[in-house]
Structures are given as C-alpha cells and as structure tokens.
Amino acid sequence: MNQPVHITFRDIPPSEFIEARIREKASKLEQFYDHIMSLKVVVESPHQHKKKGNLFHICIDLSVPEGELVVNRKNTKHHAHENIYVAIRDAFDAARRQLQEYARKRRGKVKTHQAPLHGMVTEIISGEDYGRIETQDGHEVYFHRNSIIGENYDALEIGDAVRFSEEMGNDGPQASTVHMIGKHHIVDRIH
C-alpha cells in the first residue's frame, strides 16, 4: 500500500503477527481501488468475559477522494470473532465490498433497473391463447396467456394499454410478463 497503515490496539497488547496480517490484508485492497488516501485500523477486545472467550472487533477507516468508507465490525454475538484472525478477515472482506461498490460508482457502473416497457394490445388470438403488443417504438412483441399477471387473459381487449418485460424467444421478441394498465389508454409512439 502506498500510504501508511495506522494500526491502533485497544484493550489488547500489540502483536507483530496481528500487524503483519492487517498490513497483508490492507495491501490487497489496492487491487480493488488504487486511490486509497489513508487507512486506519483499530483492533479491540472490549468485553472481558471470564467464562466465554473474548470477542474481537475491528474498525477500518478508509479515506478515499470523495469521502470515507468505514467498517465497524462490532458483532457481539458472532462467536467466530473469538478468533482475532477471523474478525480481521471478516472486517477486510466488508471493506473490500464497500471499496468495490465505491469504485463502481466512481466509474459510473452502478446497476440500474430498466423501467418496464409500455405498449398496446394489437392482436388477440383467443383460440391459440396468444397475442401481440405494439411497443412505443412501433415493433411487435408476442405474448402468451400465461404471461398475463394479475388479470384474466379473456378480459384483454385490443387497444388495452399494458406494461411488460421483454425477452428474446425462439421466434423473436416476446413478453415474459404483461400487466394491464387500463382500458384504451393512448400510448405515445416514438417516430
């Protein structure tokens, strides 16, 4: 890691082995985002139980260009954290996930959910249990009676406005789910 790692021990004596593990985990964070400005790690064992093992918790504070990412692994019920190396692993795994999400947002690769498509029923083949929807951009999409959600296929009429999810079928585009919006709504077409 280009920047120094600041390690603080609370209620636990410092250990070269623990520091080495923390520095090893810290150096791997740069694989996921190489503009980390500083990294502070606090290792502590706040509870001194006489009958049960002590639980360790790790706090990681990463400074990045537009803010801070903080991992505060204070899970007092997670008995795997009686092992300090497990607590360190879990904290750095959480830091890695936060750093990956931060890097995705910085690159503009955040997952977005596509809004459902809108269209109008243009054909119903009742004996065959399928029909067609004309989309806002003018192409036709096949749908089957089993694609209708929350409505009865037999209640559909030509001109009904619908929203749907499209996928590629064996014979071209098809609607995997179809929801009725209402009767005879005007659907704007893109020319």
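What translational D, rounded to a whole number of µm²/s, comes out for segment 117-182 from Stokes-Einstein when the hydrodynamic radius is the Kirkwood one over Cα pairs, at 37 °C and 0.692 mPa s?
Estimated via Stokes-Einstein, D reaches 289 µm²/s.
Applying the Karplus parametrisation 6.51 cos²θ - 1.76 cosθ + 1.60 with θ = phi - 60° to the phi angles of segment 171-177, what ³J(HN,Hα) value in whole Hz is obtained for each residue in order, glycine and proline being reported as x?
Going residue by residue, I get 10, x, x, 9, 8, 7, 9 Hz, with x marking Gly and Pro.
Name the residues whose placed amide hydrogens come within less than 5 Å of the amide hydrogen of Glu123, ignoring near sequence neighbours (fewer than 5 apart) on the same chain.
Under 5 Å from the amide H of Glu123 lie the amide H atoms of Arg132, each far enough along the sequence or on another chain.
Which cross-chain or sequence-distant (5 or more) residues have an amide H under 5 Å from the amide H of Ser165, H modelled 1.01 Å from N in plane?
It is Ser176, Thr177, by chain and number.
For Thr122, Thr8, Thr135, which order do you get if you count the other beta carbons within 10 Å of each Cβ and list the fewest first?
Listed from fewest to most nearby Cβ atoms, that is Thr8, Thr122, Thr135.
Can you work out the Karplus-derived ³J(HN,Hα) for every residue in segment 14-30? Use 6.51 cos²θ - 1.76 cosθ + 1.60 with θ = phi - 60°, whole Hz, and x for glycine or proline.
Ordered by residue, 3J(HN,Hα) equals x, 9, 5, 5, 5, 4, 4, 5, 5, 5, 5, 5, 5, 5, 6, 5, 5 Hz.
FYI, it's all coordinate maths here, none of it is from the lab. Worth saying up front: this structure is predicted, and the values here are computed from it rather than measured. Ideal geometry is used to build each Cβ from the backbone, glycine not excepted, and the neighbour counts take in all protein chains shown.
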